[in-house]
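The values are calculated or read from the model by the stated rules, or taken from the named source; none is laboratory data. No experiment lies behind these values; they were computed from the predicted model shown. Counting neighbours? That spans all protein chains shown, and the Cβs are built from the backbone with ideal geometry, glycine included. The protein model used for the area step is the full one, side chains on, heavy atoms only, and it has no ligands, DNA or RNA in it. Shrake-Rupley method; radii C 1.70, N 1.55, O 1.52, S 1.80 Å.
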There are 2 protein chains.
Amino acid sequence: MEKDILYIVKIGGNIIDDPALLQGLLGQFAGIKEKKILVHGGGKLATRMAEAMHIPQQLVEGRRITDAETLKIVTMVYAGYINKNIVAQLQALRCNAIGICGADGNAILSKKRSGTAIDYGFAGDVQAVNTNLLQELLRSNDAIVMAPITHDGNGQLLNTNADTIAQELATALGAQYTTELIYSFEKAGVLQDVADEASVIPRITPATYTTLKNSGAIHSGMVPKLDNAFTALRAGVRRVVIGKGQQLRQLINGSSGTSIIHE
Amino acid sequence: MEKDILYIVKIGGNIIDDPALLQGLLGQFAGIKEKKILVHGGGKLATRMAEAMHIPQQLVEGRRITDAETLKIVTMVYAGYINKNIVAQLQALRCNAIGICGADGNAILSKKRSGTAIDYGFAGDVQAVNTNLLQELLRSNDAIVMAPITHDGNGQLLNTNADTIAQELATALGAQYTTELIYSFEKAGVLQDVADEASVIPRITPATYTTLKNSGAIHSGMVPKLDNAFTALRAGVRRVVIGKGQQLRQLINGSSGTSIIHE
């Protein structure tokens with residue numbers, strides 16, 4: 001029997017911070033006929049909240065160090081405010097979404113990051129995905145909205161990278177569904193020339209990736225994202241698309257963004 | 001076929017504010033063998049958050065007026081921080097709980113309160129309960145943890161009284177389950193003498209309630225709670241129990257608290 005298609009759409013911070021952009025993206029997301037999961041990041045609200053509450057925020061190499069007070073804030077903002085507002089907006093679009101975090105139904109079990117040179121605090125690395133639960137939820141709802149908070153099984157919530165969660169969901173659910181992973185961000189895709197939005201590379205395969213990387217045609221900032229995408233491909237994801245959130249429909253039908261594919 | 005029993009346990013603010021009390025109650029809740037839903041209120045964290053963020057809080061007759069900024073805070077605190085911490089703690093107790101609010105899966109549709117002398121702001125009155133969804137979630141998880149935030153179907157989240165949510169769930173699910181409603185609070189039950197914790201009235205039926213009320217033996221503050229309990233009974237709930245959260249096990253087996261029953 002052919003497997004159903006499942007789209008896992010990660011939406012980045014800048015979209016969440018812009019109500020009009022978010023509304024537009026949710027409208028396109030609601031229009032997806034197939035099974036779908038939306039994974040959201042945090043946006044600037046968590047930082048603004050921390051400022052208002054005078055909790056100093058520490059970023060090391062672009063990653064937030066999650067101390068106990070910061071964990072409280074990201075739990076409130078990600079799993080509370082952002083998650084529930086996205087769900088309510090999808091409901092208004094007649095998309096019956098259910099919003100959860102990784103602790104709910106033991107959806108995503110993680111482990112506190114340790115043994116690193118930098119102490120990331122309450123940061124979680126994904127250990128296991130409860131595919132049975134997610135399948136059940138996808139059966140009885142139109143969509144799942146996932147906040148990037150997980151748990152360690154011993155009562156501890158952990159802040160977890162949303163890009164990683166999207167990838168782990170896409171690979172774990174590969175046995176049940178034909179999964180496609182869509183990373184939306186502020187650029188139109190992987191650009192040949194960072195300064196030129198029109199220079200999107202429409203398709204990258206493992207073979208062309210090596211050539212592009214060796215020739216230096218790919219901006220160094222994109223390399224980790226692309227390495228990640230190829231990891232997902234190797235783990236059974238059919239396609240990874242990188243592009244602008246406002247063009248979600250076109251990212252899915254392949255007329256916009258960069259598609260990372262097997263061949 | 002006999003219906004399964006479903007316990008709906010409402011936990012009040014003072015328990016949520018005390019980590020040791022909460023831990024004890026969750027241990028007893030996790031131990032319930034039957035189907036179960038935990039409905040939590042807010043506690044003092046929302047008030048403290050509002051203070052930290054310099055958002056003035058207005059209470060009229062003990063009810064919080066939910067302006068836009070306050071709605072943001074209660075959504076973060078109730079549906080985010082409290083809900084997810086309770087879920088993570090239940091997971092640690094090997095109770096596979098899923099935490100949702102009323103917007104999730106369209107669980108509880110409500111309507112913004114209007115036409116009242118006081119403007120309560122973004123306060124919702126329950127209109128409909130999605131019993132299919134709740135049944136599905138109870139089938140594939142050990143428990144549901146419900147935050148008292150609902151939605152109006154048009155994208156608006158609404159702050160909703162947790163006592164009312166517990167009652168609406170108990171009555172709506174009466175067709176699928178034999179429901180019992182447990183209101184835990186700081187007192188040992190309905191007291192004959194408010195000053196004497198040992199004066200708990202163990203059982204109240206519609207007939208004895210009239211007598212008790214007429215004789216003035218029931219503290220006026222308890223009358224709305226009891227009127228509510230009898231409304232639930234008339235709507236098909238088998239029993240309503242009022243008592244101390246620390247004695248949840250005894251409230252359920254009937255050896256503590258006040259049971260409000262048909263006869």
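Among the residues of segment A:194-206, those that are of a type outside the set (S, T, N, Q) and open to solvent by less than 70 Å² (accessible area, probe 1.4 Å) comprise A:196, A:200, A:201, A:204, A:206.
Just the residues that are buried (at least 21 other Cβ atoms within 10 Å of the Cβ) and facing another protein chain (nearest Cβ under 9 Å), please, taken from segment A:91-105. Answer for segment A:91-105, where residues must be buried (at least 21 other Cβ atoms within 10 Å of the Cβ) and facing another protein chain (nearest Cβ under 9 Å): A:91, A:97, A:98, A:99, A:100, A:101, A:103, A:104, A:105. Scanning segment A:219-263 for residues that are over 19 Å from residue A:180 (Cβ atoms) and open to solvent by less than 60 Å² (accessible area, probe 1.4 Å) yields A:221, A:222, A:223. For residue B:216, the criteria (1) surrounded by 19 or more Cβ atoms within 10 Å (Cβ to Cβ); (2) over 18 Å from the mean Cα position of the chain (by Cα) hold in every case but one, which is (1).
Inside segment A:124-143, residues that are open to solvent by less than 50 Å² (accessible area, probe 1.4 Å), free of Cβ contacts under 8 Å to residues at least 60 places away in the same chain and part of a strand (DSSP E or B) make up a count of 4. Apart from one condition, residue B:32 fits all of (1) modelled with pLDDT of 90 or more; (2) part of a loop (DSSP other than H, G, I, E, B); (3) open to solvent by 20 Å² or more (accessible area, probe 1.4 Å); the exception is (3).
Filter segment A:1-20 down to the residues that are closer than 25 Å to residue A:237 by Cα and part of a helix (DSSP H, G or I), then identify the one that is modelled with the highest pLDDT.
In this case the residue turns out to be A:15.
Put simply, of B:241, B:194, B:237 the only residue that is part of a strand (DSSP E or B) and not charged (D, E, K, R) is B:241.
Among residues of segment B:106-123 being charged (D, E, K, R) and assigned to a loop (DSSP other than H, G, I, E, B), the one that is nearest to the other protein chains (Cβ to nearest Cβ) is B:113. Of the residues making up segment A:165-181, those that are touching a helix residue (DSSP H, G or I) at 6+ places or on another chain (Cβ under 8 Å), more than 26 Å from residue B:107 (Cα to Cα) and surrounded by fewer than 24 Cβ atoms within 10 Å (Cβ to Cβ) number 5. Considering segment A:144-156, the residues that are in a strand (DSSP E or B) and at the interface with another protein chain (Cβ under 9 Å from one of its Cβ atoms) include one that is surrounded by the fewest Cβ atoms within 10 Å (Cβ to Cβ), namely A:151. Figure legend. Inter-residue proximity from segment A:65-88: first residues more than 9 Å from chain B (Cβ to nearest Cβ), second residues among the acidic types (Asp, Glu), beta-carbon distance below 8 Å, spacing 6+ or different chains. Indicated pairs: A:65/A:119. Every condition in (1) facing chain A (nearest Cβ under 10 Å); (2) modelled with pLDDT of 95 or more; (3) closer than 22 Å to residue A:155 by Cβ holds for residue B:39 except the one numbered (1).
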